[in-house]
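Presented below is the structure to which this report refers.
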Amino acid sequence: MEEKEWFSTWFDSPYYHILYAKRDEQEAADFIASLLQKLHLAPGSRVLDAACGKGRHAITLQQLGFSVDAFDLSPANIEAAQAFENKDLLFFVHDLREPLPLANRYDAIFNFFTSFGYFDDQQDNQKAFNTFAGGLKEDGLLVLDFFNPSFVLANLVPAETIERAGISFQIKRWSDAGYLYKSIDFSDQGKAFSFVEKVELVAKNDFISYAAQAGLSLVDLKGDYALSSFDEKESPRMIFTWAKKSN
């Protein structure tokens with residue numbers, strides 16, 4: 001039997017959500033609100049949240065007045081998100097590497113909070129950008145938010161212990177052969193668990209190249225959730241905005 005890709009099992013695990021439960025929701029909401037002010041999307045615009053997790057950002061987008069579709073690879077995430085569906089909010093299971101069921105549909109596509117770089121084959125990165133481009137209307141926008149590899153490597157915390165819900169998560173981080181790794185070891189109810197996250201250290205110019213090959217033009221690049229200018233050494237994030245070129 002073919003081994004599952006790590007992200008299809010870890011992201012489906014309840015322990016993933018326990019470990020990351022304390023992410024800054026207010027910062028995320030403020031970021032999305034600030035971003036939308038800059039993008040000047042018309043009320044009622046149709047948007048897509050690609051790799052949406054349990055849908056928290058898709059829900060925010062819909063509450064801000066957009067018609068939102070959202071997908072994730074995890075059936076458990078989508079099942080949880082579907083409890084929030086309404087006429088302007090739809091969730092479905094989908095793989096980022098596969099063409100979207102409805103082409104040329106969206107005024108904007110969002111890929112938030114490092115929901116990219118999980119593939120072993122770099123050709124899959126290009127497939128993902130082709131998916132993005134295929135889903136956008138002419139002059140539609142793609143916004144992708146990813147960590148800045150230069151900053152992350154310079155500020156890497158090699159080991160730490162994180163306590164969540166009575167569980168001690170032993171975390172180790174390292175880089176190797178163009179990927180960033182995080183091992184997560186813990187015990188619960190007498191059973192030991194071990195997961196390893198693996199994310200490609202995708203460089204700024206590689207993102208720009210993937211996008212260009214998919215027919216997308218770079219419009220803007222910001223360096224953090226306050227939407228400051230990007231600095232190669234100092235910025236923790238790379239927040240790209242691309243536009244689909246007119247034919």
Filtered residue count, segment 80-124, keeping only those that are outside any loop (DSSP other than H, G, I, E, B) and without any contact (Cβ under 8 Å) to a residue 40 or more places away in the chain: 13
Hits in segment 147-204 (condition: acidic (Asp, Glu) and over 22 Å from the mean Cα position of the chain (by Cα)): Glu160, Glu163, Asp185, Asp188
Selection from segment 192-222 of residues that are open to solvent by 70 Å² or more (accessible area, probe 1.4 Å), part of a strand (DSSP E or B) and touching a helix residue (DSSP H, G or I) at 6+ places or on another chain (Cβ under 7 Å): Leu218
Criterion violated by Lys198 - all others in (1) modelled with pLDDT under 95; (2) more than 30 Å from Ala165 (Cβ to Cβ) satisfied: (2)
Unmet criterion (only one of (1) over 15 Å from the mean Cα position of the chain (by Cα); (2) hydrophobic (A, V, I, L, M, F, W, C); (3) open to solvent by less than 20 Å² (accessible area, probe 1.4 Å)) for Ile109: (1)
Among residues of segment 149-177, those that are out of contact with any helix residue (DSSP H, G or I) (no Cβ under 9 Å at 6 or more places or on another chain) and exposed (fewer than 15 other Cβ atoms within 10 Å of the Cβ), counted: 17
Cβ pairs under 6 Å, 6+ apart, first in segment 17-46 and surrounded by 10 or more Cβ atoms within 10 Å (Cβ to Cβ), second among the aliphatic types (A, V, I, L, M) and part of a loop (DSSP other than H, G, I, E, B): Ile18/Ala165; Ser34/Leu227
Complete set of residues in segment 223-232 that are over 14 Å from Glu27 (Cβ atoms) and either outside any loop (DSSP other than H, G, I, E, B) or of a type in the set (Asp, Glu) (or both): Ser229, Asp231, Glu232
Condition met for Ser34 (outside any loop (DSSP other than H, G, I, E, B) and modelled with pLDDT of 90 or more): yes
Residue pairs meeting the criteria (Cβ under 9 Å; at least 6 apart or on separate chains; first on the phi > 0 side of the Ramachandran plot, in segment 169-180; second open to solvent by less than 90 Å² (accessible area, probe 1.4 Å) and assigned to a strand (DSSP E or B)): Gly178/Glu200
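The values are calculated or read from the model by the stated rules, or taken from the named source; none is laboratory data. Remember, predicted model here, so these are calculated numbers, not experimental data. Here the Cβ is made from the backbone with ideal geometry for all residues, glycine too, and neighbour counts use every protein chain on show. Remember, those area values only see protein heavy atoms, side chains included, never the ligands or the DNA or RNA. Shrake-Rupley method; radii C 1.70, N 1.55, O 1.52, S 1.80 Å.
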